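Engineer: Below are the structure tokens for one structure; questions will follow.
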Amino acid sequence: MTGVFGGRFDPPHRGHLALARAAAAHFAFDDLHVTVIVHAAHKHAEAPAGDRLAMAELTFAQLDATVQLERHRYTVDALEAAAFDDPIFLLGADELVDFPDWKAPERVLELTRLGVGARPGYEPELFSPRIELFPLAPHPVSSSEIRARVRRGEPIDALVLPAVAEYIAANGLYAPASRLH
């Protein structure tokens, strides 16, 4: 069984890692493919794709996942190109709310099942038998919060892995332009 976890990962954080771990335990994947999207259709990335790939590799290394850079803008295009055999595409319950607005959501559900991490007390509406929930402990963190903290000069150590925090600092990612000179 193949798991697919895609996103901008701008930057990847402990919540992303927790979702991947919980899904791997629940579904017992043979393979996990983490895909860093170069240009997401619905959100702009602040860090260059190469930096986001490097941070994703640092984050997901302990899961023995295949981490790759994906040039498709839409999930449906990436899934069609990959031609996985009955994969499970991972997302959080908060992202499931937006799923009907994705490009060709019906086709996405033809190409993959959705594995949705749901925190206790939050049961999203399952509008397809191709969607399966798995338990996910709450992780109150977001990539936008991390970027804002870096801009304010606040610590991010509790939100990302130490290697990712070091990478962000060493490469001046998310810092105000005045701090880069």
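Engineer: Among the residues of the range 10-31, count how many are within 22 Å of Pro162 (Cβ to Cβ) and either part of a helix (DSSP H, G or I) or among the aliphatic types (A, V, I, L, M) (or both).
Structural biologist: 10
Engineer: Filter the range 109-128 for residues that are at pLDDT 95 or above and over 15 Å from the mean Cα position of the chain (by Cα) and give the result.
Structural biologist: Selection gives Leu109, Glu110, Leu111, Thr112, Arg113.
Engineer: Right, another one. Under 8 Å between Cβ atoms, at least 6 apart or on separate chains: pull out the pairs that start in the range 165-179 with a residue that is over 12 Å from Pro155 (Cα atoms) and of a type in the set (S, T, N, Q) and end on any residue that is in a helix (DSSP H, G or I) and at pLDDT 95 or above.
Structural biologist: Asn171/Asp51
Engineer: Among the residues of the range 18-72, write down those that are among the β-branched types (Val, Ile, Thr) and over 20 Å from Phe84 (Cβ atoms). I'd like the intermediate steps shown before the answer.
Structural biologist: First pass over the range 18-72, keeping only residues among the β-branched types (Val, Ile, Thr): 34-38, 59, 66-67.
Across the range 18-72, the qualifying residue is only Thr59.
Engineer: Tell me which residues, restricted to the range 156-170, are exposed (fewer than 15 other Cβ atoms within 10 Å of the Cβ) and in contact with a helix residue (DSSP H, G or I) (Cβ under 7 Å, 6 or more places away or on another chain).
Structural biologist: Asp157, Ala163 - these are the residues of the range 156-170 that are exposed (fewer than 15 other Cβ atoms within 10 Å of the Cβ) and in contact with a helix residue (DSSP H, G or I) (Cβ under 7 Å, 6 or more places away or on another chain).
Engineer: Take His26 and tell me if it is crowded, with 16+ Cβ neighbours inside 10 Å, in contact with a helix residue (DSSP H, G or I) (Cβ under 9 Å, 6 or more places away or on another chain) and within 30 Å of Ala158 (Cβ to Cβ).
Structural biologist: Details: crowded, with 16+ Cβ neighbours inside 10 Å: yes; in contact with a helix residue (DSSP H, G or I) (Cβ under 9 Å, 6 or more places away or on another chain): no; within 30 Å of Ala158 (Cβ to Cβ): yes.
In short, no.
Engineer: Further question: For Glu95, are the conditions met, namely being buried (at least 20 other Cβ atoms within 10 Å of the Cβ), under 14 Å from the mean Cα position of the chain (by Cα) and modelled with pLDDT under 90?
Structural biologist: It is false that Glu95 is buried (at least 20 other Cβ atoms within 10 Å of the Cβ), under 14 Å from the mean Cα position of the chain (by Cα) and modelled with pLDDT under 90.
Engineer: Residues of the range 35-83 being β-branched (Val, Ile, Thr) and either in contact (Cβ under 8 Å) with a residue 60 or more places away in the chain or part of a loop (DSSP other than H, G, I, E, B) (or both), which ones? Explain how you work it out, then say what you get.
Structural biologist: Restricting attention to the range 35-83, the residues satisfying the condition of being β-branched (Val, Ile, Thr) are 35-38, 59, 66-67, 75-76.
Within the range 35-83, Val38, Thr59, Thr75 qualify.
The values are calculated or read from the model by the stated rules, or taken from the named source; none is laboratory data. The structure presented is a predicted model; accordingly, all values stated were derived computationally and were not measured. When we count neighbours, we look across all protein chains shown, and the Cβ atoms used for this are built from the backbone with ideal geometry, even at glycine.
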